[in-house]
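Working notes, beginning with the structure itself.
The values are calculated or read from the model by the stated rules, or taken from the named source; none is laboratory data. The model shown is predicted, which means the values in this text are computed figures rather than measured ones. Every residue, glycine as well, gets a Cβ built from its backbone with ideal geometry; the counts of neighbours run over all protein chains shown.
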């Protein structure tokens with residue numbers, strides 16, 4: 001018979017590699033997992049899967065996945081998937097896919113990709129050294145990237161109703177704190193735009209000069225104010241089709257600040273390594289090109305097709 005599927009799982013055997021219970025003695029000595037058969041099937045011959053092969057497949061997984069297959073039940077699930085993959089591969093071979101030129105070419109392409117990737121690891125990745133001195137040098141060369149922009153923060157009341165904004169301003173000028181006004185309007189559900197966060201009504205949070213092109217007039221006004229200064233009249237900010245009516249007090253102004261090396265050090269490794277890798281690849285390719293004595297003949301390349309030629313039906317017929 002060409003194929004007889006006799007699949008059995010030795011459930012007990014899968015758990016044999018676990019530590020023995022407390023108080024027990026290992027009389028027979030260490031178990032040879034290669035001699036423990038956990039599955040067998042016949043398909044143009046007999047095939048077996050040993051406990052050693054099963055554990056080797058699991059060990060080849062990434063560490064974060066390996067921990068999912070420590071229990072006997074989990075190993076049984078993995079074994080079933082492993083068997084299914086092997087049976088499907090046998091079926092694919094029997095269908096002739098192992099001789100299909102298209103698939104063989106794809107297999108060669110993938111093999112070549114893996115070869116190049118491994119050689120690149122050896123010639124590039126393993127020759128890149130990132131240490132504190134190199135990180136500091138990279139920081140000094142790119143200090144302008146690691147700058148905290150100038151920022152301001154305000155307490156702001158923003159509504160769509162002009163009369164409500166005017167009444168609120170008069171109440172604030174009469175003695176009500178702008179924070180209390182923002183809180184009351186937030187509870188009524190009428191706040192919008194900057195300062196409308198219901199969890200912290202009135203607080204705009206810190207923002208930079210380029211935070212919003214649509215509300216640039218408001219942004220510029222806050223930056224121009226002194227800390228503690230408040231608008232003396234309702235400020236109008238047009239945003240597309242709507243108009244915001246705003247009252248705000250500047251609470252905080254943080255000037256531009258250079259981030260220190262220690263602050264940004266954890267973020268330097270990735271861009272530095274990327275830059276060093278790019279440089280090393282170019283150096284390596286120069287060596288390969290020289291060794292190959294490469295010569296190109298760009299003058300022999302056909303000229304690009306013009307849009308007029310692409311639309312010419314005669315060209316289409318000649319291509320066919």
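Could you list all residues from the range 74-103 that are loosely packed, with under 12 Cβ neighbours inside 10 Å and in a helix (DSSP H, G or I)? Spell out how you get there, then give the answer.
Initially, the range 74-103 is screened for residues loosely packed, with under 12 Cβ neighbours inside 10 Å, giving 81, 84-85, 88, 95-96, 99, 101-102.
Hits for the range 74-103 are 81, 84, 85, 88, 99, 101, 102.
Against the definition (in contact with a helix residue (DSSP H, G or I) (Cβ under 9 Å, 6 or more places away or on another chain), surrounded by 10 or more Cβ atoms within 10 Å (Cβ to Cβ) and either assigned by TED's automatic domain parsing to the domain that holds residue 178 or within 30 Å of residue 245 (Cα to Cα) (or both)), how does residue 165 come out, yes or no? Talk me through it step by step, then tell me what you get.
Numbers: in contact with a helix residue (DSSP H, G or I) (Cβ under 9 Å, 6 or more places away or on another chain): no; surrounded by 10 or more Cβ atoms within 10 Å (Cβ to Cβ): yes; either assigned by TED's automatic domain parsing to the domain that holds residue 178 or within 30 Å of residue 245 (Cα to Cα) (or both): yes.
Answer is no for this residue.
Hey, does the range 107-114 have a residue that's in a helix (DSSP H, G or I) and in contact (Cβ under 8 Å) with a residue 60 or more places away in the chain?
Our first condition is that a residue be in a helix (DSSP H, G or I); within the range 107-114, this holds for 107-114.
Then keep just the ones that are in contact (Cβ under 8 Å) with a residue 60 or more places away in the chain; that gives none.
Within the range 107-114, none of the residues are in a helix (DSSP H, G or I) and in contact (Cβ under 8 Å) with a residue 60 or more places away in the chain.
Need at least 1 residues that are outside the structural domain of residue 207 (by TED's automatic domain parsing) and modelled with pLDDT of 95 or more per element, so show me which helices (runs of 4 or more DSSP H) inside the range 235-320 make the cut, counting only ones lying wholly within it.
Working: elements: 261-292, 307-311, 313-319.
Once the helices (runs of 4 or more DSSP H) in the range 235-320 are filtered for at least 1 residues that are outside the structural domain of residue 207 (by TED's automatic domain parsing) and modelled with pLDDT of 95 or more, what remains is 261-292.
Does residue 227 qualify as being more than 30 Å from residue 257 (Cβ to Cβ) and either at pLDDT below 95 or in a loop (DSSP other than H, G, I, E, B) (or both)? First the steps, then the outcome.
On the way: more than 30 Å from residue 257 (Cβ to Cβ): no; either at pLDDT below 95 or in a loop (DSSP other than H, G, I, E, B) (or both): yes.
For residue 227, the condition - more than 30 Å from residue 257 (Cβ to Cβ) and either at pLDDT below 95 or in a loop (DSSP other than H, G, I, E, B) (or both) - is not met.
Quick one: in the range 157-195, which of the residues that are without any contact (Cβ under 8 Å) to a residue 40 or more places away in the chain and in a loop (DSSP other than H, G, I, E, B) is farthest from residue 248 (Cα to Cα)?
Once the filter is applied, the top-ranked residue is 189.
Might you let me know whether the range 47-60 holds any residue that is exposed (fewer than 10 other Cβ atoms within 10 Å of the Cβ), under 37 Å from the mean Cα position of the chain (by Cα) and either assigned to a loop (DSSP other than H, G, I, E, B) or modelled with pLDDT of 55 or more (or both)?
At the first step, the residues of the range 47-60 found to be exposed (fewer than 10 other Cβ atoms within 10 Å of the Cβ) are 60.
Narrowing further to those that are under 37 Å from the mean Cα position of the chain (by Cα): 60.
Checking which are either assigned to a loop (DSSP other than H, G, I, E, B) or modelled with pLDDT of 55 or more (or both) leaves us with 60.
Scanning the range 47-60 turns up at least one residue that is exposed (fewer than 10 other Cβ atoms within 10 Å of the Cβ), under 37 Å from the mean Cα position of the chain (by Cα) and either assigned to a loop (DSSP other than H, G, I, E, B) or modelled with pLDDT of 55 or more (or both).
Of the numbered conditions (1) over 30 Å from residue 140 (Cβ atoms); (2) touching a helix residue (DSSP H, G or I) at 6+ places or on another chain (Cβ under 9 Å), residue 209 satisfies every one except a single condition; which is it?
So the condition that residue 209 fails would be (1).
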